[in-house]
Structures are given as structure tokens and as C-alpha cells.
Amino acid sequence: MGLRDDVSAGINVALHVTMLGGLAWVTGQPILFPSLGPSAYLLATGENPRAEGAYHVVGGHAIAAVAGLATYVVFADGLVSVDAFEAGTPFSPAVGRLVLSGLVAMVLTTIGMLWSNTNHPAACATTLIVALGLMSTPLAVVLIVVSVALLVAFHGVVVERVQARYGVEPTDPR
């Protein structure tokens, strides 16, 4: 633990986000989205062995994205949280539907991850992103899972090699 590990983790996170951000910029697609930040952090720092690795990261996000889409379609289809909250209307039916979508998505994601032993907490943000109407189409769900798989593959193929070659692997995962 110390400055070296902190800088190493920062370099590793920068590599992950640069790759995803570059792909987002080149394609114009939302390949970089909020819940990938915690995933990149866990991969870069080795924070929690139960929450990192391809099975956990990809599996957790896949469960979350599907649960979010299912609840969005059932409870909040056509709504977007940004628009619904902008009105600031107390007891808004639209906000109520989005809240219900998010609630049920979180329950399904939690149960799904526990049953499958994927245990990736960052995926809970993914389920809310989808359930609240921010990335809520079948294509967006596929894009989420592909982005997560790219993140994990990039970590294994590039980041781990950079860590080994230049000695930027944190020695004290926390």
C-alpha cells in the first residue's frame, strides 16, 4: 500500500477508460457509461477477488442489463428519468413508474447475481441505468454486455501485460 500502488492503480484505470472512451468517440455509441467506472476500478486494483474476473464482471452486468430491460418494458416503457424528474412534479405517475422499475430491477439483479454467484456490485448501477430509461433498448443492452466484455478482454490482453512489463500492478490490492 502506498503512493506506488495508488499511481499504478490510476494508470491501470486510465488505460481501461481510454480504450472504452476511444471506442465511444470513434463509433459515436455509448460504450462508456457510468457503471463501467467501478468495474474498471475493481479490475485495475484487484479490490475484491469475488467481484472481478470475466465471470463476475460480464455475468453481473449481463444479469443487470436484462433485469433492467425487463422491468423497464413492464413498468416504465417510453419514459426517461431525466425528463420525468425535470418536471419536479410531486407524486408524478411517471416518476412512480420509473421508481418501481428501478426497485424491481434491483431486486431481480441482486437475486440473479446471488443465484449465479457473479457478485459484481457495479452491475447494480447498470440495472438502474437501464431500468430508469437511460439505455433501455435491446440494442443498448447488447452494447452494454459487449462493452463490458471488451473491458474485461482489454484488461486481460493489454493491461495485465502493461502491468507486468512496466511494473505498474498494485502490490497491495485493497
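So the values come out like this:
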| quantity | calculated |
| --- | --- |
| Residue count, the range 1-47 (criterion: of a type in the set (S, T, N, Q) and in a loop (DSSP other than H, G, I, E, B)) | 2 |
| Counted residues, the range 127-156 - those being among the polar types (S, T, N, Q) and farther than 22 Å from Leu100 by Cα | 1 |
| Options Val162, Val142, Val146: the member that is at pLDDT 95 or above, of a type in the set (Val, Ile, Thr) and closer than 17 Å to Thr18 by Cα | Val146 |
| Test: residue in the range 123-130 that is crowded, with 21+ Cβ neighbours inside 10 Å, farther than 19 Å from Tyr41 by Cβ, touching a residue at least 24 places away in the same chain (Cβ under 8 Å) and more than 13 Å from the chain's Cα centre (by Cα) | no |
| Asp83 surrounded by 16 or more Cβ atoms within 10 Å (Cβ to Cβ), assigned to a helix (DSSP H, G or I) and either free of Cβ contacts under 8 Å to residues at least 24 places away in the same chain or acidic (Asp, Glu) (or both) | no |
| Matching residues, the range 96-118, being buried (at least 19 other Cβ atoms within 10 Å of the Cβ) and either among the β-branched types (Val, Ile, Thr) or outside any helix (DSSP H, G or I) (or both) | Val104, Thr109, Thr118 |
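The values are calculated or read from the model by the stated rules, or taken from the named source; none is laboratory data. Since we're looking at a predicted model, the values are computed, not measured. Here Cβ is always computed from backbone atoms with ideal geometry, including for glycine, and neighbour counts include all displayed protein chains.
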